[in-house]
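Report on the following structure.
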Amino acid sequence: MKNPGITIWKDAEALSIAAAHFFVAECHRCIAKKGKFVVALSGGNTPKRLYQLLGSPDFNCNIPWDNVFLFWSDERFVLHTDADSNYRMVKENLLNYISIPEKNIFATPVNGTAKDCAKEYEQTIHTFFGKKIVFDSVLLGLGNDGHTASLFPGTTIVKEKKKLVKEVWAEEKKTWRISFTLPLINRAAQIIFLVAGKEKAAVVASVINHKKINPAFPSQLVKPEKGTICWMLDEEAAANI
Ligand code: 6PG
């Protein structure tokens, strides 16, 4: 029996279908409980298929988008029309296919300096939530170097204890990013890691098996204060756990 909170699916397609069903279930549970579902979407390639499924007729018709509020757990600091933009990726794979009110979409601002945009996004989150800032779900991916969101190893954002959103220079990518910090991620009611592919097997095992690494991978510092972590993996990514 694998550890609770870890589900393993045959391949990336099965993983994405499972994640789509999970999204629908969580969405209805939260809306039944408090009238809305507030989710932070992750970027990168892995969640693309999930977003396509959520925008497809079978899932789309089962999601009350009027009660769903979308944020981004991190964003590349490029225009929303740029090929690298996580907003553009979600727009092309999901937003273009659903009727969600514009007012429910909280894209990360990218006009101005990265620092000012991070501050603006944090203010947006404070204004949206008020006192109790708790995302119902935060979707996260996992990089081979143990990063998640834009919490890259060795960057100051990993040590951030107060701010909820911060700018971070991604040296390898030679670009600024804007990311949720650990204090914000760890407040979430539910954190979902969506990871696929054999190239992730080693890092998945290190994180799930709490391998002692110094300094720890940023993804090992994702520890929800009151919420839960769900790992949704394909067989390749789960090969070493
Ligand atoms: C991003 C993501 C990043 C991503 C991982 C995994 O903006 O790229 O937030 O943290 O989730 O790098 O990326 P893949 O899903 O492309 O492997």
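The values are calculated or read from the model by the stated rules, or taken from the named source; none is laboratory data. None of these values were measured; they are calculated from a predicted model. Cβ sites come from the backbone with ideal geometry, for glycine too, and all protein chains shown count toward neighbours. When the accessible area is computed, the model is the full protein with side chains, heavy atoms only, and any ligands, DNA or RNA have been set aside. Shrake-Rupley method; radii C 1.70, N 1.55, O 1.52, S 1.80 Å.
A compact table of results
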item: Square roots of 5 times each gyration tensor eigenvalue, C-alpha, the stretch 181-241, largest first, Å; result: 21, 14, 8
item: Residues whose placed amide H lies under 5 Å from that of VAL138, excluding near-sequence neighbours; result: ALA40, GLN190, ILE191, ILE192
item: Residue-averaged 222 nm ellipticity for the chain, from DSSP H runs of 4+ at -39500 (n - 2.57), nearest 500; result: -8500 deg cm²/dmol
item: Under the Karplus curve 6.51 cos²θ - 1.76 cosθ + 1.60, θ = phi - 60°, whole-Hz ³J(HN,Hα) for the stretch 13-30, x wherever Gly or Pro sits; result: 5, 5, 4, 5, 5, 4, 5, 5, 5, 5, 4, 4, 5, 5, 4, 5, 5, 5
item: Å² of accessible area per residue within the chain, as computed with a 1.4 Å probe and no ligands counted; result: 48
item: Fraction of antiparallel bridges per DSSP, the chain only, in percent to nearest 5; result: 30
item: 17 Å Cα-Cα reach of LYS223 towards aspartates and glutamates, excluding residues that sit fewer than 8 places from it in its own chain; result: ASP136, GLU160
item: Rotationally averaged projected area of the chain (alpha carbon convex hull; nm²); result: 12.4
item: Distance in nm between pseudo-label sites at THR127 and THR7 (7 Å out along the Cβ direction from Cα); result: 3.6
item: Simple label model, 7 Å out from Cα along Cβ direction - ASN96 to LYS198, nm; result: 3.3
item: Protein accessible area in the chain, 1.4 Å probe - carbon and sulfur %; result: 55
item: Computed magnitude of the charge dipole of the chain (debye, nearest 20; Cβ of K, R +1, Cβ of D, E -1); result: 920
item: Protection proxy ranking of 187-195, 32-40 - average other beta-carbon atoms within 10 Å, highest first; result: 187-195, 32-40
item: Environment charge of TRP176, counting only residues whose C-beta is closer than 10 Å and scoring Lys/Arg +1, Asp/Glu -1; result: +3
item: Convex hull volume of the stretch 1-96 per residue (C-alpha atoms, cubic angstrom); result: 120
